[in-house]
Every structure is written in C-alpha cells, then in structure tokens.
Amino acid sequence: AAACAAACLVPCVADAALTEKTGTFAGAKVTYEVVTPAGYDPARAYRTVLVFTGGPQTLSGARRTAEQWRPEAERRGYIVVSPATPDGSLFFQAADRIFPSFLEMILREYKVAGKMHIAGLSNGGVSAFHIAARYPQYFSTLTGFPGLLDGPDVQLAQAIKPMCIFMHVGDRDTSWRSAMEEQSKQLAAKGFSVQLGVEKNEDHIIRAADLPSRMFDEIESCRR
C-alpha cells in the first residue's frame with residue numbers, strides 16, 4: 001500500500017479487509033470491527049451497515065458478526081461496522097451513551113452513501129431497535145434477526161416509522177417469535193413498512209447460510 005501511495009497519481013484502492021479499530025466516544029473506549037470491500041476507495045461513497053452482535057456484545061462476538069456479513073458486503077460493495085461494548089454493559093443499556101458520537105465518527109471516517117442501515121441479532125437486535133428509535137435521522141433501514149422494540153422503547157415506535165423494518169425469527173424460537181409476530185402486526189396496522197420472516201427449522205440463533213444475502217436483498221429493496 002505504501003508503494004502504491006508513492007507511485008500512483010490517481011487514488012489508490014485497497015484489498016477487501018476486516019480491520020479492528022479503537023476510539024473513545026463519550027469518554028468510553030470502544031473497539032470495533034470494520035469490513036471494507038475489495039477495491040475500497042476512501043474517495044467513494046459506500047452503503048454502510050452498523051450491525052450489533054448478540055449475547056454479552058464482546059469483541060469476539062463483534063468479530064464473528066462482522067465475518068457473517070463480510071462475504072456479501074465485499075461482493076456488493078458495502079462497509080460494515082460492528083462495535084463491542086466498552087464496559088460489559090449492553091448497547092440498549094448503559095453502553096448506549098457512546099451514541100450519537102459513534103455514528104458521527106462513521107460519517108467522518110467514511111463516505112456513506114445515503115443514510116446508514118442498522119441491524120443486530122438477539123441482544124444486538126434489541127440494540128439496533130433501541131438506537132434506531134433514539135437517532136432515527138441516521139438510518140433508512142432497520143433489521144432484527146431476531147430483534148424488536150423492547151420495554152420502554154415500545155413508546156418510541158413512531159420514530160422508526162420512516163424506515164423499512166425487517167424482522168427475522170426462528171420458528172422454534174417460541175418466545176421471540178410470539179413477541180415479534182405481535183409487534184410486526186401492530187406496526188403494520190399503523191402503516192409501518194415492516195416485513196417478518198419466520199425461518200423454518202431455526203432456533204434463536206438463525207444459521208441459514210443464505211440469511212445474510214437475503215438481508216442485503218431486503219436493504220436494497222427499500223425505497224424510502
């Protein structure tokens with residue numbers, strides 16, 4: 001890359017990469033994974049997804065989630081950002097204090113085409129809905145796989161109405177399936193753009209190999 005920078009008279013492009021970065025946001029040190037596509041050119045604008053991992057939202061989880069999204073992101077030319085919790089709290093709890101500072105960093109560091117997309121699984125899905133409802137101006141699509149508005153966030157539903165909302169849940173994940181079916185029906189009845197996919201023969205963690213591809217298809221289907 002250094003040789004390229006020395007030799008090129010036109011902007012240089014980079015190979016596809018998964019890069020670990022660290023920054024401080026609202027006083028909290030955050031480590032996050034970034035996927036950039038093959039041929040990445042900092043001068044170009046790219047569609048960008050912020051995706052939250054599940055469970056305790058550790059760095060190893062953030063890395064696994066970024067890797068799950070990576071093949072399709074690289075193929076389609078997306079940037080994907082997946083943060084780890086700074087302190088062991090969850091992103092729909094105390095760790096939400098890093099926002100909107102973290103979102104503003106993404107917009108400073110990368111040229112984002114249009115609004116960002118936000119997604120997450122399990123605790124990450126709840127985190128995605130939580131952050132989207134508080135900072136709706138940053139996002140055009142919202143995906144939980146699984147995920148939904150939970151607890152007090154239900155009162156903020158109107159904030160996500162301008163977005164395309166996509167929900168995926170395993171058919172054997174009975175408690176989440178019931179809650180997500182009910183919420184999707186309620187949102188649809190109020191005129192929200194919401195699609196719920198019940199994944200056959202899947203548990204809480206959806207392992208369908210084609211799920212990332214389908215989620216990218218859904219993002220690209222949004223005309224809002």
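The values are calculated or read from the model by the stated rules, or taken from the named source; none is laboratory data. Keep in mind that what you see is a predicted model, and the values were worked out from it rather than measured. Please note: Cβ atoms are built from the backbone with ideal geometry, for glycine as well, and neighbour counts cover all protein chains shown. These area figures cover heavy atoms from the full protein model, side chains too; ligands, DNA and RNA do not enter into them. Shrake-Rupley method; radii C 1.70, N 1.55, O 1.52, S 1.80 Å.
Couplings for segment 161-172, taken from phi via the Karplus curve 6.51 cos²θ - 1.76 cosθ + 1.60 with θ = phi - 60°, read 4, x, 8, 7, 10, 10, 10, 10, 8, x, 5, 9 Hz in order; Gly and Pro are left as x.
For Rg and Dmax of the Cα atoms in Å, which listed value, (i) 16.8, 48; (ii) 17.3, 59; (iii) 32.2, 103, comes from the coordinates shown? The value matching this structure is (ii).
The helix-only estimate of mean residue ellipticity at 222 nm for the chain, built from DSSP H runs of length n ≥ 4 each weighted as -39500 (n - 2.57), is -10000 deg cm²/dmol after division by the residue total. Considering only alpha-carbon pairs that sit under 8 angstrom and 6 or more positions apart, the relative contact order computed for segment 115-155 is 49 percent. Per residue, the accessible area of the chain comes to 45 Å², computed with a 1.4 Å probe over protein heavy atoms only. Highest mean first, the peptides 196-209, 31-44 sorted by other C-beta atoms within 10 Å per residue fall in the order 31-44, 196-209. Hey, any idea what % of the chain's accessible area is carbon plus sulfur with a 1.4 Å probe? C and S fraction of accessible area: 51 percent. Show which lysines lie in cross-link reach of Lys111 when reach means a straight Cα distance below 30 angstrom and same-chain residues fewer than eight apart are skipped. Lys111 reaches Lys21, Lys29, Lys161.
Rounded if a/c is under 1.5, else prolate if a/b is larger than b/c, else oblate: which is segment 53-103, with a ≥ b ≥ c the root eigenvalues of its Cα gyration tensor? Note, shape of segment 53-103 comes out oblate.
Bridges between two residues of the chain, per DSSP, are antiparallel at a rate of about 35%.
Dimensions of segment 117-200 from C-alpha coordinates, computed as largest minus smallest value along each principal axis and given longest first, are 34, 25, 22 Å. Given their separation in residues at 0.36 nm each and the Cα-Cα distance between them, Lys29 and Gln158 gain 43.3 nm when the chain is fully extended. Taking every C-alpha pair closer than 8 Å and separated by at least 6 residues, the mean separation divided by the residue count of the chain gives a relative contact order of 16 percent.
Phi angles across segment 79-92 convert, under the Karplus curve 6.51 cos²θ - 1.76 cosθ + 1.60 with θ = phi - 60°, into 3J(HN,Hα) values of 9, 10, 10, 10, x, 9, 4, x, 8, x, 7, 9, 6, 9 Hz, Gly and Pro given as x. Remark on His168: its backbone amide H falls under 5 Å from those of Gly144, Phe145, Gly147, Gly197, a criterion applied only to residues 5 or more positions apart or on other chains, H modelled at 1.01 Å from N. Among Val49, Val81, Val154, the largest mean-square fluctuation in a Gaussian network model of the chain (Cα springs under 10 Å) belongs to Val154.
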